[in-house]
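Presented below is the structure to which this report refers.
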Amino acid sequence: MSMRRNAATAPAVEPDTAGPPLAELAARNAEFEAGGGRAAEIVDWVARTYAPNAVLACSFGLEDCVLVDLASRHGQGVTAFYLDTQLLFPETYATRDHLAERYGVRFVAIRPVKDVEQQAQTHGPALWRRDPDLCCRLRKVEPLQAHLSGQRAWITGIRREQSPARAGAPYVGWDDRFGLVKANPLAGWTAQDVWDYVRRQDVPHNPLHAQGYPSIGCWPCTRAVRPGEPPRAGRWSGRGKTECGLHA
Ligand code: SF4
């Protein structure tokens with residue numbers, strides 16, 4: 001991903017070699033909180049501090065499209081990847097291609113060890129219906145873990161208002177689960193903020209958002225939401241599951 005570097009707006013943290021830089025991250029997060037969580041500044045800081053070992057996780061949701069736009073301006077040296085479960089909507093793959101063309105980005109596809117057919121041979125067909133946690137582990141969490149193992153920081157599009165589980169997300173912090181820095185530049189944004197940015201910058205995005213899909217994952221586990229439902233109500237609907245396991 002070819003990304004230009006922005007003028008420095010916050011000092012970089014020295015690379016840490018002795019364990020998680022918890023105090024540094026807490027201090028940096030407090031600065032970002034005090035500054036109102038300016039997303040461009042956070043992306044710039046991650047790039048200056050951790051690139052080329054910094055990656056942007058892109059599932060081609062609206063927030064991720066915003067991050068691709070921001071990273072094209074402020075994220076020099078950050079590479080973008082996506083978890084290709086091979087069960088994404090055709091509209092999602094088309095969105096990937098539109099973003100790639102617009103920003104000159106190469107999205108690295110991270111795939112599971114087994115394709116869908118091989119998974120069916122081992123675990124039976126449509127594992128997502130019987131054991132979505134195992135399916136997510138095999139098709140998302142384990143591939144992500146392998147990809148992040150060589151990185152020092154990752155950037156995600158999670159926002160605090162998306163769900164109670166995300167309500168406490170910091171702008172930057174230590175990801176215990178995967179063992180690296182996690183940055184959430186849009187943590188403080190509202191859904192309206194995201195749409196305002198997309199429209200202002202004419203950012204390519206998934207047409208399914210306009211058809212009642214505020215949150216889009218694999219097609220077997222995503223439905224449109226009904227009026228008044230929370231934005232993630234269409235994910236694993238009726239299965240008592242709310243997260244893939246990527247965001248603790
Ligand atoms: S979202 Fe559904 S289909 Fe996709 S990996 Fe998880 S359980 Fe499997």
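Computed from the coordinates by the stated procedures, all read-outs in this text should not be read as laboratory data. Since this is a predicted model, take the numbers as computed values, not measurements. Because the Cβ atoms are built from the backbone with ideal geometry, glycine has one as well, and the counts that use them run over all protein chains shown.
Starting from the amide H of Val181, placed 1.01 Å from N in the peptide plane, find each other amide H under 5 Å away whose residue is 5 or more places distant or on another chain.
Ala153, Trp154, Asp175
Can you compute 3J(HN,Hα) from phi for each residue in the range 100-109, using the Karplus curve 6.51 cos²θ - 1.76 cosθ + 1.60 with θ = phi - 60°, rounded to whole Hz and x for Gly and Pro?
Each residue's phi maps through the Karplus curve to give 4, 5, 5, 10, x, 9, 9, 8, 7, 8 Hz.
If you stretched the chain out fully between Gln145 and Thr122, how much longer would it get, using 0.36 nm times the residue separation minus the C-alpha to C-alpha distance? Present the calculation step by step, with values, prior to reporting the outcome.
On the way: separation 23, 0.36 × 23 = 8.28 nm, distance 2.15 nm.
Gain in length upon complete extension: 6.1 nm.
5 Å is the cut-off here: which amide hydrogens, built 1.01 Å from N in the peptide plane, fall below it relative to Leu56, excluding neighbours closer than 5 in sequence?
Thr79, Ala80, Phe81, Ile155
Taking 0.36 nm per residue of sequence separation and subtracting the Cα-Cα distance, how much length would be gained by fully extending the chain between Glu33 and Lys114, in nm to one decimal?
Value of the extension gain: 25.0 nm.
In whole Hz and in residue order, list the ³J(HN,Hα) couplings for the range 33-42 that follow from phi through the Karplus curve 6.51 cos²θ - 1.76 cosθ + 1.60, θ = phi - 60°; x for Gly and Pro.
4, 5, x, x, x, 6, 4, 4, 5, 5
How many Å³ per residue does the convex hull of the Cα positions in the range 192-231 occupy?
Each residue corresponds to 80 Å³ of Cα convex hull volume.
Once you keep just the Cα pairs under 8 angstrom separated by 6 or more residues, what percentage relative contact order results for the chain?
23 percent.
Extent of the chain along each principal axis, from alpha carbon coordinates, in Å, largest to smallest?
Projected onto the principal axes, the Cα atoms of the chain cover 51, 41, 35 Å.
Starting from the amide H of Arg235, placed 1.01 Å from N in the peptide plane, find each other amide H under 5 Å away whose residue is 5 or more places distant or on another chain.
Arg223
I'd like the antiparallel share, as a percent to the nearest 5, of DSSP beta bridges with both residues in the chain. Intermediate results must be reported in sequence, preceding the final value.
On the way: 6 of 18 bridges.
Taking every DSSP beta bridge with both residues in the chain, the antiparallel ones total about 35 percent.
In which sequence would Thr122, Thr190 go, from the one with the fewest C-beta neighbours within 10 Å to the one with the most? All intermediate terms of the calculation are to be shown ahead of the outcome.
Values: Thr122 9, Thr190 12.
Arranged by neighbour count, lowest to highest, Thr122, Thr190 become Thr122, Thr190.
Name all residues of the range 56-76 having a backbone nitrogen under 17 Å from the label point set 7 Å from the Cα of Asp193 along its Cα→Cβ direction, giving them as ranges.
62-71
So how do 226-238, 171-183, 40-52 stack up, highest first, on mean other-Cβ count within 10 Å? Show your work: numbers first, answer last.
Values: 226-238: 14.5, 171-183: 20.3, 40-52: 22.8.
Per-residue Cβ counts within 10 Å, averaged per peptide and sorted highest first, yield 40-52, 171-183, 226-238.
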